[in-house]
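Report on the structure given below.
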Amino acid sequence: MGSVANGIITETDVVVIGAGFSGLYMVHSLRKFGFNVRAFEKAPDVGGTWYWNRYPGARCDSESLTYCYTFDEQLFQDWVWSERYPAGPEVLKYLRHVADRFDLRQHFQFETAVQSATYDEVARRWTITASTGEVVSTQFFISAVGNLSVPATPAVKGIESFQGQWLHTGRWPLQPIDFTGKRVAVIGTGSSGVQVTQEIAKTAAHLTVFQRTPTFTIPLRNMPLDPDYQRLWKSNARELIKKTRYSDGGLPFFASSTPLKGQDPEVVEQGLEAAWGVGGFKFLFGTFCDVGSDHESNAIVADFARRKIASIVKDAEKLRVLTPTGYPLGAKRIPLDTGYFQVYNQDNVHIVDLKENPIKEMTSGGLIAGETEHAFDLVIFATGFDAITGPLMQMDITGRGGQKLKDTWADGPYGYLGVGVPGFPNLLTLGGPGGVGVISNVPPTAEQAVEFAAECVAYLRDHNIDEIEATTEAADLWCEHVHAEAFKTMYPYAPSSWHDGSNLGKKARPFPAYTPGFSKFRRICDNIAAEGYTSFKLHHKGEAGSKANYKAHDPEWYTKVVQAPSSAELASWLEKSPMWT
Ligand code: NA7
């Protein structure tokens, strides 16, 4: 039964949190399956990450024709993108269009945060309390909160005494800021820091970038989208989207199968040069297949990227500080740039190495780094996010036996297939720990997670099952497998990264993302769905207690089911997909 608070009672089948890519499609999919859905969103409107990250220069690093939904053919054909890589406002406009087109806003309550969620083991339902005081009783609780939605601002001594303005890129104000003639600091050189630096350098009087770890970048090579190219793409859309759905990274080109190792150095150089000219992630994944797995091959490509930086930055001291060394290229999420290193050739742009000159405090007029006091009108924190687990840990989520999600994740992300957490029945965490979204193109992986969750809850309803729970045994085996696979890649060798929480000084154990690729992840999930979700603990309505009726899979099973599908299997899976039906 629904509870009462402030005179408001609501009962529903599913509560969804978040109105970004996952949340919007989740609501749409649940509605198609006939569920009653109630959705909450903190922001005043849809957009998720693109609502909040409005800083100048914010732009998507995936090509626009791949950074969109594929579930509806007409939507895909109708929407016209203006650039090869969409700027933040264009993605936001797209998501608003999707919300209107499919009439999704009616299910959302905006400017409302979920504060707590408590599982009732007897009723097998969640009681959700929102910031408005409303209490909702729901059977399923699906979080679509995004991986990068809790900005991390370092606790800098004296921040309150700063008389200028300070901002975080992930919580940018609606009103544009004019940087003309201003003295500006940017702290952080991840994707947000690189993008905002390139843009602000155009107008600021002085710009100082505070860097903790030097970054590699790949040229973005953005351009207006040629209408003929867009038409050609759309006329081949079905084929390209099939490729996307069964690709390694959620992008419609399959990774190279040629190893760098053993190649003639001249051939390597030519291949890298050509890919550098094209720009984008193809440089990383489309040139040689062992860049992400073989340290020696990686070192050759890293050296190529360093030579590119050296060919741009003229000042020897700036070049020394900016040059990334000591970690593999691609171990940290690599930013794509548009003239990032070039801005350091401007006399008014400076770089400060925070390892040599740590920030001691902020003062009324700026900040002290090392022994130097810098004067600023604006300080911009491009310092990233409390990623993956951060958004859900902000809520008071209580599972079986009073277990708190905060405690379960105190030592790092832990979960099953990115959707299930032992001890938290009927909670599905889209893109959560052990998923694939963190390291792939977001919209296709979000669609996969949504489709898995929607089909799962529909299956449970149709089979008289009122509770699903990831077991500790299944999650342990999955995490062990995910962790072992991660160590075949460069990711664990990043000096710090939001992927594993080391950006905030905590190191996730185990590594939180399934690295063998999106296609393999999809195959695992498809197999688990085809089995009837029996690797989860399921409770049938009317049974006295939960039965140990589950079957946890071991790493051998995971390795077996990801073997390349036959073309007949592939055709049948694609036919089954809700795409364009
Ligand atoms: P990132 O990629 O996490 O980058 C954050 C940057 O801020 C990075 O350079 C960090 O240095 C730096 N940082 C973090 N904490 C501090 C402190 N305390 N002091 C100084 N510098 C700090 O976040 P972004 O917003 O740029 O990008 C997030 C994702 O959005 C990106 O990966 C894409 O997927 C899109 P570090 O390198 O950790 O030493």
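Of the residues Pro422, Pro413, which is surrounded by 24 or more Cβ atoms within 10 Å (Cβ to Cβ) and not charged (D, E, K, R)?
Working: Pro422 fails: surrounded by 24 or more Cβ atoms within 10 Å (Cβ to Cβ).
Answer to the check: Pro413.
Inside the range 364-398, residues that are surrounded by fewer than 22 Cβ atoms within 10 Å (Cβ to Cβ), within 13 Å of the ligand (Cβ to nearest atom) and assigned to a strand (DSSP E or B) make up a count of 1.
Here Gly188 clears all of (1) within 16 Å of the ligand (Cβ to nearest atom); (2) touching a Pro at 6+ places or on another chain (Cβ under 7 Å) except the condition numbered (2).
Condition first: hydrophobic (A, V, I, L, M, F, W, C) and either closer than 21 Å to Val442 by Cα or in contact with a helix residue (DSSP H, G or I) (Cβ under 8 Å, 6 or more places away or on another chain) (or both). Now tell me which residues in the range 134-158 satisfy that.
Filtering the range 134-158 for residues hydrophobic (A, V, I, L, M, F, W, C) gives 135-136, 140-142, 144-145, 148, 150, 152, 155-156.
Scanning the range 134-158 gives Phe140, Ile142, Ala144, Val145, Leu148, Val150, Ala152.
Among the candidates Gly326, Gly277, which residue alone is under 28 Å from the mean Cα position of the chain (by Cα), in a helix (DSSP H, G or I) and not hydrophobic (A, V, I, L, M, F, W, C)? None of the other options fit; the residue is Gly277. When Thr258 is tested against (1) closer than 30 Å to Phe288 by Cα; (2) at pLDDT 95 or above; (3) β-branched (Val, Ile, Thr), just one condition goes unmet, and that condition is (2).
Scanning the range 344-363 for residues that are assigned to a strand (DSSP E or B) and among the acidic types (Asp, Glu) turns up Asp353, Glu361.
Mind telling me which of the residues Pro224, Pro214 ends up being modelled with pLDDT of 95 or more and more than 14 Å from the ligand (Cβ to nearest atom)? Break it down stepwise before answering.
Details: Pro214 fails: more than 14 Å from the ligand (Cβ to nearest atom).
After applying the criteria, what remains is Pro224.
So, in the range 39-48, of the ones that are surrounded by fewer than 21 Cβ atoms within 10 Å (Cβ to Cβ) and of a type outside the set (Gly, Ala, Ser), which residue ends up farthest from Gly250 (Cα to Cα)? It would help to see each step written out before you state the result.
Just the residues of the range 39-48 that are surrounded by fewer than 21 Cβ atoms within 10 Å (Cβ to Cβ), to begin with: 42-45.
This time we only want the ones that are of a type outside the set (Gly, Ala, Ser), so: 42, 44-45.
Values: Lys42: 28, Pro44: 29, Asp45: 27 Å.
Among them, the one singled out is Pro44.
The rows are residues; the columns are (1) closer than 26 Å to Lys406 by Cα; (2) not aromatic (Phe, Trp, Tyr).
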| site | (1), (2) |
| --- | --- |
| Ala117 | yes, yes |
| Glu121 | yes, yes |
| Arg124 | yes, yes |
| Val135 | yes, yes |
| Phe140 | yes, no |
| Ser143 | yes, yes |
| Leu148 | yes, yes |
| Asp178 | no, yes |
| Thr197 | no, yes |
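For Ser502, are the conditions met, namely being surrounded by fewer than 23 Cβ atoms within 10 Å (Cβ to Cβ) and among the small types (Gly, Ala, Ser)?
Numbers: surrounded by fewer than 23 Cβ atoms within 10 Å (Cβ to Cβ): yes; among the small types (Gly, Ala, Ser): yes.
When the stated conditions are applied, Ser502 passes them.
Right, Thr581: modelled with pLDDT under 85, assigned to a loop (DSSP other than H, G, I, E, B) and among the β-branched types (Val, Ile, Thr) or not? In short, yes.
Among the candidates Val37, Val80, single out the residue that is closer than 19 Å to Pro443 by Cα and of a type in the set (Val, Ile, Thr).
On the way: Val37 fails: closer than 19 Å to Pro443 by Cα.
Only one candidate qualifies: Val80.
Considering only residues that are surrounded by 14 or more Cβ atoms within 10 Å (Cβ to Cβ), among the aliphatic types (A, V, I, L, M) and within 11 Å of the ligand (Cβ to nearest atom), look in the range 150-184 and name the one that is farthest from Glu361 (Cα to Cα). Per the stated criteria, the residue is Ala152.
Please determine whether any residue of the range 514-525 is under 20 Å from Lys560 (Cβ atoms), of a type outside the set (D, E, K, R) and free of Cβ contacts under 8 Å to residues at least 40 places away in the same chain. No, the range 514-525 has no match at all. Do you know which residues across the range 306-321 are in contact with a strand residue (DSSP E or B) (Cβ under 6 Å, 6 or more places away or on another chain) and not basic (Lys, Arg)? Scanning the range 306-321 gives a single hit, Val321.
The values are calculated or read from the model by the stated rules, or taken from the named source; none is laboratory data. Note that the coordinates shown come from a computational prediction; the quantities given were computed from them, not determined experimentally. Glycine also receives a Cβ, built like all others from the backbone with ideal geometry; neighbour counts cover every protein chain displayed.
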